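The numbers here are math on the coordinates, done by the rules we state, and not lab data. Bear in mind the structure is a predicted one, so any value in this text is a computation, not a measurement. Cβ sites come from the backbone with ideal geometry, for glycine too, and all protein chains shown count toward neighbours.
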Amino acid sequence: MNRNRTAAALLAAVMSLSAAACGEETASSVIPLSAAPSRAVSSAVSAAPAAKSAVKVTFALDPDTAAPLLGGLYTAEAEGYFSKCGLDVTFQTATSAADAAQLAAAGTVQFTTAGQSTAFAQALTSDKPLTAVAALLQHSDAGILLPAPLKITRPKQLENVLCQTAGKSLPAAKLATVVTADGGNAALLKASAEAGTSLTAVLKAGTTAVCGSYSWDGMVSRQAGISANFLFFRDVSPELDDYPLLLAANSSFLKKQPQAAKDFVTAVKMGYAYAAAHPENTASLVCSKVPALQNQKSLVQRSLIWLAGKYTDDAARWGQLDTARWNRFYTWMNQNKLTSKAIPLGTGVTNTYLQ
């Protein structure tokens, strides 16, 4: 109980301080899927003072992002945090991650979500005006699901095992990296796209390992009662600890409207504090926003409960971006030629707009 009260006090403090900042100018190893996740609990949300005038901002949602990860954004809108921070925000859904990045780079929208490794990385190779201003999830949750019948406890044992990579080069490269790091022969990996086959069907067959994310694919497996373990890539190779979800902005907007940008980031921070404290309420909201999930509230809630402690995790503050980690991951991407041109290091990232 003392631990819960402490968590509640800390989250209430975050909400109060974030609200007050609106409008102010300021500078493992293999894990069993049955393991019980931690849950954050919070008390009432502090109210934020109304700003003098509303700044119009358009936000593009990347449709490729797992919906639970967007819970904090939906709550920022539903709880009125944007308006309390003096913003009139309109959400729109892009057609793809590349479309979302392009809309933000063109200035058609001011903010978007992006994964460090996807369209955002490609945009940086072309010097497009996109800047990551906050980490919405602090550490990579990417890895590989290992059905119990395979009896695999380390990457080297994946030699000659069929591994589903969905036909994508990024998870295939991560898989090869961790197998090599563990002393295995990456040439012996057997990749499978398994197009059109459901995750649960593949895992229940028990003969194929599956690349995916713990916050969604891991939760799907647990919800289905499938006996499996999860190996995080970052636990084997630290350079693979990329930022799975970023809050990114049009660089010109950041320069022209620095205070509005700070206020937007603050409202999003408040939204994620609420999502961490109230995963059940947030699950209902996410399911109402995403029709395909309307009958999967328990699964979405399971994901949100696990995510609750991961938004800030071990960072000094919510949203903090570590440039050393940033560059280490992009160095790995460049070495594996995962973009059309090399990604320039030290670009497209700032902590300036965090409060």
### Summary
Projected area averaged over all directions for the convex hull of the alpha carbon atoms of the range 219-355, nm², comes out at 10.8
### Query
By average Cβ neighbour count within 10 Å, what is the ranking of 313-326, 114-127 from highest down?
114-127, 313-326
### Message
Counting other beta carbons within 10 Å of each residue's own, what order do VAL202, VAL300, VAL133 fall into, fewest first?
### Response
VAL202, VAL133, VAL300
### Query
Once a ≥ b ≥ c are taken as the square roots of the eigenvalues of the Cα gyration tensor of the range 176-293, is the result rounded (a/c under 1.5), prolate (a/b larger than b/c) or oblate (a/b not larger than b/c)?
oblate
### Query
Counting Lys and Arg as +1 and Asp and Glu as -1, each charge on the Cβ, what is the dipole of the range 155-260 about the Cα centre in debye, to the nearest 20?
300
### Query
Of the peptides 277-284, 219-226, 341-348, 68-75, how do they stack up when ordered by the mean number of other Cβ atoms within 10 Å, highest first?
68-75, 277-284, 219-226, 341-348
### Query
After finding the eigenvalues of the alpha carbon gyration tensor for the range 87-169, what semi-axes result from the square roots of 5 times each, listed largest first in whole Å?
35, 14, 12
### Query
Per residue and in cubic angstrom, what volume does the convex hull of the Cα atoms of the range 142-240 have?
83
### Task
Can you spot the aspartates and glutamates whose alpha carbon is less than 14 Å from LYS341's alpha carbon? Ignore those fewer than 8 places along the same chain.
ASP127
### Query
Using a basic spin-label model with each label point 7 Å from the Cα along Cα→Cβ, how many nm lie between ALA78 and ASP322?
3.2
### Query
What are the residues whose amide H is under 5 Å from the amide H of ALA191, where those residues sit 5 or more places off or on another chain and H is modelled from the backbone?
CYS163
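What does the C-alpha gyration tensor say about the overall shape of the range 80-225? Classify as rounded when a/c is under 1.5, otherwise prolate if a/b is larger than b/c, or oblate.
prolate
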### Query
For SER284 and ALA98, what does the FRET efficiency come to when R0 = 41 Å and r is the distance between their Cβ atoms, rounded to the nearest 0.05?
0.85
### Summary
Taking R0 as 41 Å and r as the Cβ-Cβ distance between ASP88 and SER192, the FRET efficiency 1/(1 + (r/R0)^6), rounded to the nearest 0.05, comes to 0.30
### Query
What percent do you get for the relative contact order of the range 142-240 when only Cα pairs under 8 Å and 6+ apart count?
45
### Query
Which whole-number percent gives the relative contact order of the range 198-355, counting Cα pairs below 8 Å spaced six or more residues apart?
23
